[in-house]
Amino acid sequence: MTCKSACQCSFRMASNSSLMSRCLNGRICRVAFTRSLSSVWCSRSYSGISIQKGELAAVLQADTVADTASDNGRKKERVVILGSGWAGYALAHSLDPSKYERVVISPRSYFVFTPLLASTAVGTLEFRTILEPVRRLKEVDLYQGWADDIDFTNKTVLVEANTADDLATKTIVSPTGGRPRVPGIKGKQYTVSYDKLAIACGAYSQTFGIEGVREHAHFLRDIGDARRIRLRVLSLFEQCSHRSVDPANKSTEDDTAGHLTDDDRRNLLHFAIVGGGPTGIEFAAELNDLIYEDLGPIYPDLLQFVQITVYDIAPKVLPMFDQVLAKYAMDTFARHGIQVRTEHHLERIRLADGPLGSEHGALKIKVRENGDEEVGAGLVVWSTGLMQNPLVSKLATKEFTLPSTETPQDPTPSRLLKDPKTGGLVTDAHLRARIDTPDGATKVLDDVFVIGDCAAVAENGRALPKTAQVASQQAVYLAKRFNAGDVEAEPFRFRNWGTLTYLGSWKAIHQSAADSLKGRTAWIVWRGAYLTKSMSIRNKILVPVYWIISWIFGRGISRF
Ligand SMILES: Cc1cc2nc3c(=O)[nH]c(=O)nc-3n(C[C@H](O)[C@H](O)[C@H](O)COP(=O)(O)OP(=O)(O)OC[C@H]3O[C@@H](n4cnc5c(N)ncnc54)[C@H](O)[C@@H]3O)c2cc1C
C-alpha cells in the first residue's frame, strides 16, 4: 500500500495487518485505514485525515521517532521550532514551505500578541483578537507538548505531550522552578528528529523567592493570566457593591450582609502592581481607564475607595525612557491619582486574616519601607523579573558529543555556553548556539539556533533586550537566511524601532533614536504600531473594530 500524504513515502502495510502506527517517514500521526482500501493516507499532523472510501477501521496515535531528510532521502529539510511565541511563531510563519518542512513543538497551540495583553485584561479588546492559532499556518505540523530534552548528538527532541491546555495558557509558577504539571499525571513522551533546530521557548516569570508571590500574585504573561485578572477586577467591584438592605426601604445601611466595612472596601479596591517597566505601567494605565471610564458610572459609590499603586525597587520607573518622557509619565499618573512607589521592596504577600481573606480573597502586602505595617490589596499583579526556562537551564548543564556531521569531529564532551548573568544560551552573530570550549574559542552547533528571550545575544558588547522586537527580528532574519540557504551570508543586526508605553486616557510616550513623542501623537503611534504588527489580516481587522466598539459602547465587563 502507498502513502498518499504530502510526504509521499511508500507506505508498507501487509494486507489485513493490525493497526498501523506510522508511515515510512515515521510521522507522529494518526493513521486511518480501511481494509478495503488499496492506499492509506497518513496525516501530516493530528488533524486532516482523509479516507477515500470505505469504513474507518482504526484511528490511532503513535509514538514514533520521525526521521530526518538526510536519513530517508526526502527533499526538504525539517526545521523543528521549540515554542510558538514571538520568535517561534514568526519563524514558522516566515520559512519557505517549499524548502522546509516546518514542525512547531509548543505546549500551547497559539501565538499571543503580548503588547496588547493588558488591553484584553481590562476588556478593551477581546481575548481572541490577540491570538493566532499555529494550526492556521499552512503545512506546519504542531506537536502540542513541552520539549523536555534535546539529544544534540542524534539530533532529536524528547517531547512530553501537554495533558491539559490550561497548563500552558496561564502562568503557573512551580515551587521547584520547573514547568507546570498536573500532579501525578505525565504526558505521553515521544521524540522528534530535526535537521535544523530553533530553540525559541522564551523565559519564565521570576518571583525572586518572595513569600506568597507564587500563590497569591497574578502574572500577566499569557491569555489565561489576562482572563483571570479581568475576572478578579470585575468580581472585586461586584463584591464591594453588595448592599445588605433592600433599597426599597431607603435604608443607607450597607455593611451587614457582606460584612464589608469601608476599610474592607478600601483594602479590596487597592490594586497593587509590582514592576515599573512598560508592562506594569501600561497595565496600571489600562486599569485606570477601565475603572474611571466603565466601572465608575456603574459603581459611582465605590470610586472613593479605589487606589492603584505601582511598586518598584529601582529609584525610577520606565528606565529606558529619557528624563523628560519619564517625568511626563509620572505627572500623567499623578493627575490620574495613580501612586508610584519607587525604592520600595515587597517582602511578602499573604491572605488577609478572617473572612476578608478567606471569603473575599483580600491580601496583605509587606513592604520593607513600611516597617511592620502591612498594606491591604484585592489584587497584586506581578510584572517584574524573568528567569530562564527550565529546558534552557537543563540544556546548559548537559554534556554531549557533537553530531557526526559536525566538522571537525571532536570526541570530547561539549556543553552549550550559558550567559552567567541571564542564564540564556549564548549565540554567535548568526544566532547559532555556542559551545563552551576550554580554550574560549568560538565554536558553534551548526544546526542549532537560539532566538528570543531564551537567547543571550550581544551586539557591540551589549546584550540585546528581552523584547518582542528582538525576538521577531531574529526570527525573520533566520527565516531569510534559511530560505536563502546561506546562514553565514550576513550577521544578525538588531534595528531598534523605539519603545512605546501607553499612559492612559489616550496618551502615550514614544522614544527612538530619531525622535521622542508624548501625549496624543505618541498614542496614535502606539496604536498604529500595534495594529501593523498584529499578525493575521483577521486580527488586523478585529483589533480596530474592538477599539471602536469599546470606545462607543464601553469595555467588555461580563464576568466569565
Ligand atoms: C504583558 C507583556 C507585554 C509586553 N509588551 C512588549 C512590547 O510592547 N514590546 C516588546 O518588544 N516586548 C514586549 N513584551 C516582551 C515580549 O513579549 C517577549 O520579549 C517575547 O514574548 C519573547 O518572545 P519569545 O518567542 O522568546 O518567548 P514567548 O513569546 O514567551 O514564547 C515562548 C514560547 O515557548 C513555549 N514554550 C515554553 N516552554 C517550552 C518547552 N519546554 N518546549 C516548547 N515550547 C515551550 C511557550 O509556550 C511559548 O509558546 C511584553 C511581554 C509581556 C508579558
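FYI, it's all coordinate maths here, none of it is from the lab. A quick note: this is a predicted structure, and the numbers were derived from the prediction, not measured. Using ideal geometry, Cβ is built from the backbone for each residue, glycine included, and neighbour counts are taken over all protein chains shown.
Could you go through region 142-154 in sequence order and give the Karplus-derived ³J(HN,Hα) for each residue, using 6.51 cos²θ - 1.76 cosθ + 1.60 with θ = phi - 60°, rounded to whole Hz, and x for Gly and Pro?
So the Karplus estimates, Gly and Pro as x, are 10, 10, 7, x, 9, 5, 9, 6, 10, 9, 6, 6, 9 Hz.
How much net charge surrounds THR521 when only the other residues with a Cβ under 15 Å from the Cβ of THR521 are counted, with Lys and Arg +1 and Asp and Glu -1?
Charge balance near THR521 sits at +3.
How do 117-129, 416-428 rank on mean C-beta neighbours within 10 Å, highest first?
Highest mean packing first, the order is 117-129, 416-428.
Classify region 132-211: rounded, prolate or oblate, from the alpha-carbon gyration tensor (a ≥ b ≥ c, eigenvalue square roots; a/c under 1.5 rounded; otherwise prolate if a/b is larger than b/c)?
Taking the square roots of the gyration eigenvalues as a ≥ b ≥ c, region 132-211 is prolate.
Provide the per-residue ³J(HN,Hα) series for region 329-338, in order, calculated from phi with Karplus coefficients 6.51, -1.76, 1.60 and θ = phi - 60°, each as a whole number of Hz, with x at glycine and proline positions.
3J(HN,Hα) across region 329-338, in whole Hz: 4, 5, 5, 4, 4, 4, 5, 7, x, 8.
By average Cβ neighbour count within 10 Å, what is the ranking of 80-87, 387-394, 158-165 from highest down?
The packing order, highest mean first, is 80-87, 387-394, 158-165.
Given a cut-off of 20 Å, name the pairs among LYS394/LYS480; LYS170/LYS394; LYS327/LYS507; LYS466/LYS533; LYS170/LYS316; LYS466/LYS507 whose C-alpha atoms lie farther apart than that in the structure shown.
LYS394/LYS480; LYS170/LYS394; LYS170/LYS316; LYS466/LYS507
Given the peptides 528-536, 516-524, 367-375, arrange them by the average over their residues of other C-beta atoms within 10 Å, most packed first.
Highest-to-lowest ranking by the protection proxy: 516-524, 528-536, 367-375.
Take the alpha-carbon centre of region 501-560, take the same for region 106-150, and report the distance between them in whole Å.
Spelled out, the Cα-based centre of one part sits 20 Å from the other.
Please compute the net charge surrounding ILE509, taking Lys and Arg as +1 and Asp and Glu as -1 over other residues with Cβ under 12 Å from its Cβ.
It works out to a net charge of 0.
Does region 82-180 come out rounded, prolate or oblate by the C-alpha gyration tensor, with a ≥ b ≥ c the root eigenvalues, rounded set by a/c under 1.5 and, if not, prolate when a/b is larger than b/c and oblate if not?
Oblate, since a/c reaches 1.5 and b/c is not below a/b.
Bins of 5 Å, beginning at zero and ending with the bin holding the largest distance: percent of Cα pairs per bin for region 475-560, please.
Here the calculated profile for region 475-560 is 3, 11, 14, 15, 16, 14, 10, 7, 5, 3, 1.
Mind grabbing the base-10 log of I(q)/I(0) for region 353-509 at q = 0.11, 0.18 Å⁻¹? Debye formula, identical points on the C-alpha positions, no solvent, two decimal places.
-0.64, -1.12
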